[in-house]
């Protein structure tokens with residue numbers, strides 16, 4: 001079986017972020033088992049939901065005796081950013097056709113989105129873009145599931161003072177930093193970062209949506225000022 005060259009190129013390009021994905025998956029696995037979730041259910045949630053931040057937020061709410069509806073709403077709010085990602089990726093993946101949309105949507109992640117856009121900075125044919133996206137997504141999905149399974153099996157045996165959760169921050173910094181190449185993007189990153197920190201105490205992780213709005217607004221403002 002011969003894989004498409006762009007599929008392999010994408011998987012190779014994702015290698016630097018995979019350790020962070022692995023650690024994040026392990027954190028989710030440990031958290032689910034520590035909350036009393038059976039191993040099989042934890043892995044089923046990882047495969048079906050496949051959204052680390054939403055999984056952790058929903059799990060935190062459920063373990064604090066919050067209503068199921070609130071946990072589901074929080075997960076949906078956190079995942080609203082994927083609506084923006086989808087709008088951005090749609091033109092690049094149009095060649096895949098409607099039959100592939102459910103799979104492409106399921107595989108969409110923060111890391112996969114960022115790494116795919118970085119790959120699209122060079123000229124690629126429409127079909128090659130689809131294969132590149134699939135290469136990024138497959139590498140991240142497999143790594144995530146391995147990480148989650150590792151965390152599930154290890155359970156709560158990992159010492160808390162290891163602070164593996166910090167790897168999440170490092171992963172996103174490694175992805176975002178190379179993309180900051182002009183004032184508009186820098187303004188968007190700064191505004192989103194500051195807003196996320198200040199709005200962290202808000203319930204239902206609404207600070208994330210505010211950070212997205214602040215980032216988009218700041219970027220558009222700087223871009224408009226530059227055009228004038």
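Throughout, read-outs are computed from the coordinates displayed, never taken from laboratory work. Keep in mind it's a predicted model, so treat the numbers as computed, not measured. In this analysis, Cβ positions are derived from the backbone assuming ideal geometry, glycine residues included, and neighbour counts consider all displayed protein chains.
A few points about this structure:
- The separation of the stretch 126-151 from the stretch 48-109, counted between C-alpha centres, amounts to 16 Å.
- The helix-based estimate of mean residue ellipticity at 222 nm for the chain, built from -39,500 (n - 2.57) per DSSP H run of four or more residues and divided by its residue count, is -22500 deg cm²/dmol to the nearest 500.
- Listed by Cβ neighbour count within 10 Å, with the fewest neighbours leading, 86, 40, 116 appear as 40, 86, 116.
- Cβ crowding within 10 Å ranks 12, 129 as 12, 129, fewest other Cβ atoms first.
- Exposure proxy ranking, count of Cβ atoms within 10 Å, fewest first, for 136, 14, 190: 190, 14, 136
- Relative contact order for the chain: 33 percent, from Cα pairs under 8 Å spaced at least 6 residues apart, divided by residue count.
- Computing Cα Rg over 2.2 N^0.38 Å directly from the structure and comparing it against [x] 1.19; [y] 0.97; [z] 1.06 singles out [z].
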